[in-house]
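Read through the structure below, which is laid out as structure tokens, and then see the notes.
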């Protein structure tokens with residue numbers, strides 16, 4: 001597959017997906033297998049430090065077409081070290097990438113997305129016993145877009161990999177999220193299904209990102225691929241001055257207004273993501289490095305929509321007071337998320 005959007009047309013969203021015979025219908029609600037207790041802290045170790053071995057769960061999404069039921073396995077695993085991966089090229093996303101040889105490490109992706117409404121939930125079918133586990137409609141749509149048609153996909157998704165009915169499991173796993181997103185070879189960013197000309201926005205963003213060779217994020221200096229790119233794109237300070245058509249600007253602004261850019265947890269998930277992170281919107285996708293370069297170039301103006309994109313895309317170089325202001329405006333479902341969502345970033349700011 002190429003790095004752009006696939007040639008498949010966008011499947012319609014439906015209230016129900018496929019038909020099941022009585023013998024194939026899902027069974028009882030899924031019951032989580034408890035995770036092992038963390039090892040006691042060594043003598044003299046700060047009790048707030050993470051244990052050497054972190055236990056979590058990884059989700060395996062079985063292959064299927066868009067309208068097939070979502071069949072998964074959920075397994076308890078130990079995360080010990082940061083996994084390594086490689087692509088054909090640092091600037092080119094290859095869905096066939098291979099993890100470097102490290103059989104003792106868990107290889108997985110981690111999803112960055114918006115939970116959405118919990119009303120009228122959907123479900124996934126877990127394991128050979130076909131237990132059912134409720135998920136939000138928005139996560140249902142994301143999983144249908146992201147699963148492969150011909151092979152399983154191993155991914156960490158907080159709504160499923162954390163037992164949402166157990167306060168102790170939630171408290172412990174939320175504390176581990178920094179390590180989970182730092183350890184994964186690739187963070188998968190899901191902006192939502194195609195809407196508001198988002199396919200066009202993703203095309204334009206990829207095109208802009210490909211014109212930029214690199215950005216010095218600390219000094220905001222942009223190096224373009226060719227002198228011609230520098231001449232056309234280099235001197236503009238506002239998106240309104242860029243060589244873009246009105247449709248281009250409108251589509252990009254609509255994309256930046258999506259709820260993903262407002263979530264408090266995005267700051268941590270993006271901050272810790274490796275260079276192999278990839279952005280999906282409907283059937284369109286882009287390497288995150290191209291995406292962030294393009295949006296940074298577009299977001300140099302001070303409008304509300306574009307300035308909030310910049311704080312998400314270059315968090316490694318923001319000052320603490322900017323982080324405080326930005327997190328004050330960000331959104332989350334529970335007040336404590338402001339604390340956990342910030343704690344994962346703070347160690348890298350000092």
Fewest-first ranking of 68, 248, using other Cβ atoms within 10 Å as the exposure measure: 68, 248
Cβ-based exposure ranking for 224, 261, 288, in which fewest neighbours within 10 Å come first: 224, 261, 288
Can you tell me the relative contact order of region 100-198? Whole percent, Cα pairs under 8 Å, sequence separation 6 or more. 40 percent
So between residue 68 and residue 221, what do we pick up on full extension, going 0.36 nm a residue minus the alpha carbon distance? 50.3 nm
Rounded to the nearest 0.05, what FRET efficiency do residue 129 and residue 53 have when you use their Cβ-Cβ distance and R0 = 22 Å? 0.20
Points 7 angstrom from Cα along the Cβ direction at residue 171 and residue 150: gap in nanometres? 4.8 nm
Which residues among region 190-219 fall inside the zone where the amide N is under 14 Å from a point 7 Å beyond the Cα of residue 235, along Cα→Cβ? none
Give, in nm to one decimal, the length gained when the segment between residue 164 and residue 228 is fully stretched (0.36 nm per residue of separation minus the Cα-Cα distance). 17.8 nm
Between residue 137 and residue 37, how high is the FRET efficiency from 1/(1 + (r/R0)^6) when r is the Cβ-Cβ distance and R₀ = 41 Å? Nearest 0.05. 0.75
Roughly speaking, what is the stretch gain from residue 245 to residue 257, that is 0.36 nm per residue apart minus the C-alpha to C-alpha distance, in nm to one decimal? 2.4 nm
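No lab work stands behind these numbers, since they all come straight from the coordinates. These figures come from a predicted structure and were not determined experimentally. Quick reminder, even Gly has a Cβ in these numbers, built from the backbone with ideal geometry, and neighbours come from all protein chains shown.
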